[in-house]
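Note sheet for the following structure.
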Amino acid sequence: MRPDFLSPIYLRSGAQLRVTDGSVCEPDPSKLLNPNRTAMLIDQLRFSGPTIASMSESDVCQYILADIKLGAIPLTNGLVPVGAFAPTYLKYPAFPGASGFPQPDTQLTFHLPRPMYVPPNVQLNVKFARAPFGSINTTGTPALPTNPFDMVMGVAGRSMPAGWPIPEKIYVPWVGATSIYDAVTDWESKDSELGNPHREPLFVKRFVGFNGSTFLNRPAPNGNTYNGLYGNAAPDFNVRMTLSSGKMLVRDPVPFYHLFPGDRPFFDCDGLLQQNEFVRAMISMTPTLVGAAAQTDLRFTTIGMIGYREIQTPQGAQP
């Protein structure tokens, strides 16, 4: 590709999402079509929602699910939390001694592992859904708006000139996730959640993890508290990961926020999963009861897996 011939382009589309449990909305996909009627390369998908009270947009986005397709080609394993592939990066106080907790970004950005070629007139489709909190005890449920709100997906990329050769194959991302919405202290991901259901090999590039409970504080030996969201990892909130072949990926139980620290909640890798191969994540914790700010189970914990595969180019209508 010749980047000097590619023009930057930004598209966005949103829709109103109701606050009722399991509600869904679908932004207008025609607004995500390249208006130049040529192919484009997508580098980023950006997500934003409402700001409520002192929460940033990303606090809300982490509890919103998204199902994304390129035409009829799925890019996500059904509905997965936006935070599973577009992580929050915490911003710490501006100067030493500044008060207040670190603040998350106000927009979540999915940096695609490889630029994705989108043929002319091939639409990106996204469906948003509210996470299913209603089936569990609401104690510790993250705050969400009480009125309908807009969920927006933006596309940042490059518009290609007319007549550019159509490649035979393109790279498309794949996102899977395992999410916990039950009051449990041990969890094991399903084989279908962090795996490769496709015929093509899946190149795995990143794992993302977060815990979105409002009860994050845990007692620490020095009389302070562990607070995983801000990078202070409680040693009894652990994760271990294995491959379907039996090989270890994260060998010993590792403190969750050592693997997924609050300011950079991911770790990069360079792996390969063949069809029907998968990663199994095992998460555990010891309940802690200290006043009102206690975390007693694994609710609102998610681990996401990001990769890409190479497929035959979908042929869109030519201009």
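The values are calculated or read from the model by the stated rules, or taken from the named source; none is laboratory data. Remember, it's a predicted structure, so these values are computed and weren't measured experimentally. Cβ: placed from backbone, ideal geometry, glycine included. Neighbour counts: every protein chain shown.
Results, tabulated for the structure shown:
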item: Search result, residues across region 260-291 that are within 18 Å of I306 (Cα to Cα), in contact with a strand residue (DSSP E or B) (Cβ under 6 Å, 6 or more places away or on another chain) and not in a strand (DSSP E or B); result: F260, P265
item: Contacts under 7 angstrom Cβ, first residue in region 239-256 being within 10 Å of V279 (Cβ to Cβ), partner of a type in the set (S, T, Y) and modelled with pLDDT of 90 or more, 6 or more apart; result: L249/T242
item: Candidate set from region 235-254 (those that are in contact with a Gly (Cβ under 9 Å, 6 or more places away or on another chain) and assigned to a strand (DSSP E or B)); member that is farthest from S192 (Cα to Cα); result: F237
item: Hits in region 168-196 - residues which are of a type in the set (G, A, S), surrounded by 14 or more Cβ atoms within 10 Å (Cβ to Cβ) and at pLDDT 95 or above; result: G176, A177, S189, G195
item: Residues of region 171-192 satisfying the condition of being out of contact with any Lys or Arg (no Cβ under 9 Å at 6 or more places or on another chain) and farther than 19 Å from P253 by Cα; result: V175, G176, A177, S192
item: Cβ pairs under 8 Å, 6+ apart, first in region 111-134 and within 13 Å of M160 (Cβ to Cβ), second aromatic (F, W, Y); result: P115/Y171; M116/Y171; Y117/Y171
item: Test: residue in region 160-167 that is at pLDDT below 95 and surrounded by 18 or more Cβ atoms within 10 Å (Cβ to Cβ); result: yes
item: Candidates L298, L249, L259 - the one that is modelled with pLDDT under 85, aliphatic (A, V, I, L, M) and within 25 Å of V80 (Cα to Cα); result: L298
item: Leading residue by the ranking (surrounded by the most Cβ atoms within 10 Å (Cβ to Cβ)) among those in region 301-319 that are of a type in the set (G, A, S) and modelled with pLDDT of 95 or more; result: G304
item: Residue within region 154-173 that is more than 30 Å from L33 (Cα to Cα), touching an Asp or Glu at 6+ places or on another chain (Cβ under 7 Å), in a strand (DSSP E or B) and touching a residue at least 40 places away in the same chain (Cβ under 8 Å) present; result: no
item: In region 1-18, residue modelled with the lowest pLDDT [restricted to those that are aliphatic (A, V, I, L, M) and in contact with a strand residue (DSSP E or B) (Cβ under 7 Å, 6 or more places away or on another chain)]; result: L6
item: Condition check for V19: over 19 Å from P173 (Cα atoms) and surrounded by 13 or more Cβ atoms within 10 Å (Cβ to Cβ); result: no
